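Q: The structure that follows is given in the form of structure tokens.
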Amino acid sequence: MTLNLPDVAAVADAATISPLALFLQADIVVKGVMLGLLLASIWTWAIIIGFSVSLRRASKESRKFEADFWKAEDIDRFYETRGKVEHPAAKVMAAGVTEWRRSTAQKVVDRDGTRDRLATAMSSTIAAEIDRLSDRLNILATVGSVAPFVGLFGTVWGIMRAFTAIAAEQNSSLAVVAPGIAEALFATAIGLFAAIPAVIAYNRFSHGINRLESALTRFADSFYATLSRELEAQR
Amino acid sequence: MERAEKIGLGVATAGHVLLFGLLSAGFLATPNPLKLKTPPMEVSMVDEVALQSTAPQISTAPPPPSIAPEQGPTEDAAPAPEPEPAPEPTPQPTPKEVAKPAPAKPQPAPKKPAPAKKEVAKAKPKPAPEKPTPKAKPAPAKPSPAKAKTDTKAKADAKPAAKASTKSTAKPKADAPARASGQGKADKPKGSLLGKDFLKGIDTNADAPRRPPAPAPAAAMGPAQKSALDAELRRQLKPHWRPPSGADADKLVTLLEVRLDKSGAVIGTPQVIDQLGVTASNRPQAKLHAERAIQAVKLASPFRNMPPEFYDQWKWLRPLRFDARLNR
């Protein structure tokens, strides 16, 4: 009986973790899955970076605008100087002021109707701003929930192919099976690589959006109360 | 907003390219623990032991006579009442004297000299101590070392007797008194068993060979050669042996009968003698297993490095075993 160890060193050398090698030796379907997931990951990170920049800027400017607004003596003049800028709080104020000017332009002012229109105009502006800001969040949610499944699909496909290779080789040694399974598992790895940041960012950003929305709503309510008082004083 | 997204896209792309580039370049690669410092070595195990003795044949010639040390004077040699029996053997100086001393012995029947007499009787029938017979009969010819010590005196007796057959008849005379005196001393354990003149026969044999002839080479293969030949066969068959895979396929064993000529080439087609380990689940593979075994023999056909001096051992390989072990 002769015990002859296989060439262990040669087998071990083939097992590298290089993503490029794993990608190049994969099946066409698995390649497609990997490419798609890689693009999804890039898109996710682009959204995360862009979104965090714009969300931070929007909330900071809204807070600053709000503080400045309550310090202002004259609303009309503040609106003329600061009200034409592109951020949520300014737009909410602009909507209120525009509606106020339209409603009080007539000789007879319907106070209840004016109040309704002011509230509707400002809340719809808030909703529009939040919608515009959270436009990309659904992409994060989609990537976060679907990418693991896509990766899993790639893995299942790759392992099926590896088993076909075993059947063709008529040899079930680990050296035949291992590379196929490694490249298949790489698809799941990329899927998780894309999905984990997407889920984290989605939760974080939806929380940020909610905070911005409630801040805008509070500002709109205060402004509405001010306008409503103003409407009462106007006889 | 649009600008922020563009910046984000650029940063994300650059980050991914950087990360995958680093991973591809072997960043985070762990040193491979499986790399062996020394190459694997081939281990050969002997699992078959030949039934035939393969030790080098030992010549039947007796070992060279050694001169025994004198044991000193025997005190009671003179008062022994056996001078009378001693002369009795002397009158027969014929070559058949060993037959005579044998009957002479029974009268006192001492325990000690008995094995010595047997040796003489056995050595006697072999008329040629110098010429080793091809037949292996090591047991009778080879005195066991344990016995050798106790029998030193007995051998001193035996040797001259053995030589006596080819030599002159003068020695039996010298022997006879020695033996007679030995018997005489048997009932008196104090003294030496040897007579004073026991060295006489040795001196005359000075021309006898001092050591037995060189041992002949073994005719049969030993376990070591057998296993080496087996390993060599397996080594040459292995690259060509592709057993089928499947459920229980490694339980299949195919036994082939293969005839080889002197150059190591296969004569005719190997025949399947038997197949072992066939179960319900590997039955479909059994035929393929046998075909692959025959194919492996044919592909490996001129077997190289076969020892020509053992051609008898490998001209007819039966059974040549093909199993999962061969593949390992």
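Q: Test B:Arg211 against the criterion of being loosely packed, with under 13 Cβ neighbours inside 10 Å and either at pLDDT below 85 or in a loop (DSSP other than H, G, I, E, B) (or both), and give yes or no.
A: On the way: loosely packed, with under 13 Cβ neighbours inside 10 Å: yes; either at pLDDT below 85 or in a loop (DSSP other than H, G, I, E, B) (or both): yes.
When the stated conditions are applied, B:Arg211 passes them.
Q: Could you list, in sequence order, all residues of the range A:122-145 that are in contact with a Gly (Cβ under 9 Å, 6 or more places away or on another chain) and open to solvent by 20 Å² or more (accessible area, probe 1.4 Å)?
A: Once the filter is applied, which keeps residues that are in contact with a Gly (Cβ under 9 Å, 6 or more places away or on another chain) and open to solvent by 20 Å² or more (accessible area, probe 1.4 Å), the range A:122-145 yields A:Thr125, A:Arg136.
Q: Keeping to the range B:267-300, report how many residues are assigned to a strand (DSSP E or B) and open to solvent by 30 Å² or more (accessible area, probe 1.4 Å).
A: 9
Results for (1) touching a residue at least 40 places away in the same chain (Cβ under 8 Å); (2) over 19 Å from B:Leu229 (Cβ atoms); (3) out of contact with any Ser or Thr (no Cβ under 8 Å at 6 or more places or on another chain), shown as yes or no for each residue.
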| residue | (1), (2), (3) |
| --- | --- |
| B:Ala247 | no, yes, no |
| B:Lys251 | yes, yes, no |
| B:Thr279 | no, yes, yes |
| B:Lys287 | no, yes, yes |
| B:Ala290 | no, yes, no |
| B:Arg304 | yes, no, yes |
| B:Lys315 | yes, no, yes |
| B:Pro319 | yes, no, yes |
| B:Phe322 | yes, no, no |
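Q: Here's another thing I want to ask about it. Pick from A:Leu55, A:Leu5, A:Leu38: which is aliphatic (A, V, I, L, M) and either at pLDDT below 85 or not in a helix (DSSP H, G or I) (or both)?
A: A:Leu5
Q: Filter the range A:29-54 down to residues that are open to solvent by 20 Å² or more (accessible area, probe 1.4 Å) and more than 9 Å from chain B (Cβ to nearest Cβ), then give me how many there are.
A: The qualifying residues number 7.
Q: Inspect all residues belonging to the range A:96-117 and state whether any of them is open to solvent by less than 70 Å² (accessible area, probe 1.4 Å), modelled with pLDDT under 90, within 25 Å of A:Glu230 (Cα to Cα) and aliphatic (A, V, I, L, M).
A: There is at least one residue in the range A:96-117 that is open to solvent by less than 70 Å² (accessible area, probe 1.4 Å), modelled with pLDDT under 90, within 25 Å of A:Glu230 (Cα to Cα) and aliphatic (A, V, I, L, M).
Q: Return the residue satisfying two criteria in turn: it lies in the range B:1-14 and is within 7 Å of chain A (Cβ to nearest Cβ), out of contact with any Gly (no Cβ under 7 Å at 6 or more places or on another chain) and open to solvent by 40 Å² or more (accessible area, probe 1.4 Å), and of such residues it is farthest from A:Ser59 (Cα to Cα).
A: Taking the candidates together, the pick is B:Thr13.
Q: Still on this structure: Please work out which one of (1) modelled with pLDDT of 80 or more; (2) over 14 Å from A:Phe223 (Cβ atoms) is the condition A:Met93 fails and give its number.
A: Here A:Met93 meets the rest and fails (2).
Q: When you scan the range A:77-90, do you find a residue that is within 11 Å of chain B (Cβ to nearest Cβ) and either at pLDDT 90 or above or on the phi < 0 side of the Ramachandran plot (or both), even just one?
A: yes
Q: Here are some residues: A:Arg229, A:Arg204, A:Arg235. Which one is at pLDDT 90 or above and among the basic types (Lys, Arg)?
A: Going through A:Arg229, A:Arg204, A:Arg235 in turn, the sole match is A:Arg204.
Q: Something else now. Residues that are within 29 Å of A:Ile47 (Cβ to Cβ), part of a helix (DSSP H, G or I) and not hydroxyl-bearing (Ser, Thr, Tyr): does the range A:167-178 have at least one?
A: The answer is no; no qualifying residue exists.
Q: Can you tell me which residue is nearest to A:Val29 (Cα to Cα) among those in the range A:150-190 that are of a type in the set (D, E, K, R) and open to solvent by 50 Å² or more (accessible area, probe 1.4 Å)?
A: The extreme case among them is A:Arg161.
The values are calculated or read from the model by the stated rules, or taken from the named source; none is laboratory data. A quick note: this is a predicted structure, and the numbers were derived from the prediction, not measured. Reconstructed Cβ throughout: ideal geometry from the backbone, glycine too, with neighbour counts over all protein chains shown. Quick note on the areas: whole protein, heavy atoms, side chains included, nothing else; ligands and nucleic acids left out. Shrake-Rupley method; radii C 1.70, N 1.55, O 1.52, S 1.80 Å.
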